[in-house]
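Each remark here refers to the structure printed beneath this line.
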Amino acid sequence: MDYDYLIVGQGLAGTSLAWHLHQCGKKFLIVNDSTRPAASLVAAGIFNPLTGRKLVKTWLADELFPYARRFYGELEETLQARFLHYINIYRPYRSVEEQNSYLAQTAEPGIGPYIQQPPANLPYNDYLYAPHGGLEVTGSGWVDLPLFLLKSQEYFQQGGQYREGFFNPDDMVLSGDTVEWNGLRIGKVIFCQGVDALSNTLFNWLPFNPVKGQILEIALDKYPIDRIVNQGIFILPDGEGKCRLGATYSWHDLDWETTEEGRQYLEEKAKGVLKVPYQVLKQRAGLRPSSKDRRPLVGFHPQFQQVGVFNGLGTKGVTLAPYFAANLVEYMEKGKDLNLLVNIGRYFSLYYQ
Ligand SMILES: Cc1cc2nc3c(=O)[nH]c(=O)nc-3n(C[C@H](O)[C@H](O)[C@H](O)COP(=O)(O)OP(=O)(O)OC[C@H]3O[C@@H](n4cnc5c(N)ncnc54)[C@H](O)[C@@H]3O)c2cc1C
């Protein structure tokens, strides 16, 4: 065997999987085409345990968040780079009713530990419309994904574990329980292609439901708020005088192009939150690889056990990727169960239709 594993794609999914295989001492090769767009390079990278208008606790937050913090934290040491940023999320109340309902929620045992009162000395009122005050979500922050991916790529390149280029699934020969590709014999090929999985006939029968998203990069003069502000949109300070403002969600026009409509939507939302002027520096668009049931898509092909998929990270790749990469590697290497809610076995009936 030349490689135990070949990973197709080096976005968040492929990178998280590679690190877990690396930690197990497995022989693997990543093949990634960096001329193609990647959601991971567009994403704001925010992790937030309480989301939505109603402060709903994110699925599996108590397991996913500590695992993700350890994963990125340890890799900061290995890679000698800083990409994990802990920042609270400030949520201005929209009304007195919202203030009352949020405060009632703080008494709930699952939610309370993730909420705290904002410090009195932050000049929120000079910069934001927050007449009723607000609360802070803790255990949140953001990961600088482009930096994390770049540093990981350099690391794997140095170890001869990264190859640049397009992987065509038609070039594989599936023989016995291994794969032949380009004169190499490989144990398993795992596709971590994001939305490109839609053009891979081995896995395009899975119920993907891509969601287009756009974000703006803006410059604000001397903006002092070192929190992520979240009210319908997020305003994420990058620590270098710029902020990211996002995001849009759309299920049509599924391409990687920015639109005037997207910019207008975000600017309209920003007007309701920001009191101060800003300048738009950049606009980015990407496709989130979501699934119909909003759960990851992980596991092996129903007919070819030597080809697998790690996908469907949707809107929450930052916390889902490390935890389910660990689950997949434990399944492959230690025979542990794959979480049934992410296992693509739940969709095999679609394949046989
Ligand atoms: C606007 C926006 C904002 C977002 N904000 C957040 C956020 O704040 N927090 C969060 O957790 N998530 C966020 N997300 C979601 C997050 O980006 C995704 O969940 C995650 O990045 C998906 O990673 P992936 O590796 O599955 O896919 P991708 O990042 O798209 O990576 C796929 C990779 O595979 C490569 N590839 C595909 N096919 C081939 C092939 N045949 N050969 C070689 N290479 C191939 C591609 O080139 C690409 O590099 C956001 C997404 C968008 C679009």
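Bear in mind these aren't lab numbers, they're just calculated from the coordinates by the rules spelled out. Every value quoted in this text rests on a predicted model; they were computed, and no experiment measured them. Backbone-built Cβ (ideal geometry, glycine too); neighbour counts: all protein chains shown.
Per the Debye calculation on region 164-274 with a single equal scatterer at every Cα and no solvent contribution, log₁₀ I(q)/I(0) for q = 0.11, 0.17, 0.20 Å⁻¹ amounts to -0.59, -0.87, -1.04.
How high is the relative contact order of region 46-180, in percent, with contacts defined as C-alpha pairs under 8 Å that are six or more residues apart?
Numbers: 140 pairs, mean separation 41.8, N = 135.
Result for region 46-180 is 31 percent.
Just round it to a whole percent: the fraction of Cα-Cα distances in the chain exceeding 25 Å.
Values: 34093 of 62128 pairs.
Pairs farther apart than 25 Å: 55 percent.
In region 303-353 the Cα-Cα distances spread across 5 Å bins starting at 0 as 4, 17, 27, 27, 16, 8, 1 percent of all pairs.
Among 320-330, 110-120, sorting by the average number of other beta carbon atoms lying within 10 angstrom of each residue, highest first, gives 320-330, 110-120. One equal scatterer on each Cα of region 203-353, no solvent, Debye formula: the resulting log10 I(q)/I(0) at q = 0.10, 0.15, 0.17, 0.19 Å⁻¹ is -0.49, -0.84, -0.95, -1.07.
A full extension of the chain between Glu240 and Glu164 corresponds to an added length of 24.2 nm, given 0.36 nm per residue minus the alpha carbon distance. Is region 140-214 rounded, prolate or oblate when judged by the Cα gyration tensor, a ≥ b ≥ c being the square roots of its eigenvalues, rounded requiring a/c under 1.5 and prolate requiring a/b larger than b/c? Judged from the Cα gyration tensor, region 140-214 comes out oblate (a/c at least 1.5, b/c at or above a/b). Per-residue 3J(HN,Hα) values for region 217-224, derived from phi via the Karplus relation 6.51 cos²θ - 1.76 cosθ + 1.60 with θ = phi - 60°, read 9, 10, 10, 10, 6, 6, 5, x Hz in sequence order (x marks Gly and Pro). Counting every alpha-carbon pair across region 35-130, the share separated by more than 18 Å comes to 61%. Of the chymotrypsin sites (Phe, Trp or Tyr not before Pro) found in region 1-90, those in coil by DSSP whose Cβ has at most 14 other Cβ atoms within 10 Å are Trp59. Shown in residue order for region 35-43 are the 3J(HN,Hα) couplings computed by the Karplus curve 6.51 cos²θ - 1.76 cosθ + 1.60 at θ = phi - 60°: 7, 8, x, 9, 4, 4, 8, 9, 4 Hz (x for Gly and Pro). Dipole orientation for the chain: of the candidates Leu274, Leu17, Gly73, Leu274 has the Cα lying most toward the positive pole (charges on Cβ; Lys, Arg +1; Asp, Glu -1). Rounded to a whole number of µm²/s, how large is the Stokes-Einstein D of region 118-175 at 10 °C and 1.306 mPa s, given Rh as the Kirkwood radius over C-alpha pairs? D = 94 µm²/s.
Just going by the charge dipole of region 172-262, with Lys and Arg at +1 and Asp and Glu at -1 on Cβ, which of Tyr249, Gly194, Leu216 is farthest out on the positive end? The residue sitting most towards the positive pole is Gly194. Computed over all pairs of different Cα atoms, the Kirkwood value for the hydrodynamic radius of region 2-53 is 12.8 Å. Taking 7 Å steps out from each Cα toward its Cβ at Glu333 and Trp59 produces label points 2.6 nm apart.
When averaged across all projection directions, what area in nm² does the alpha-carbon convex hull of region 276-324 cover?
Numbers: hull surface 24.1 nm².
Value for region 276-324: 6.0 nm².
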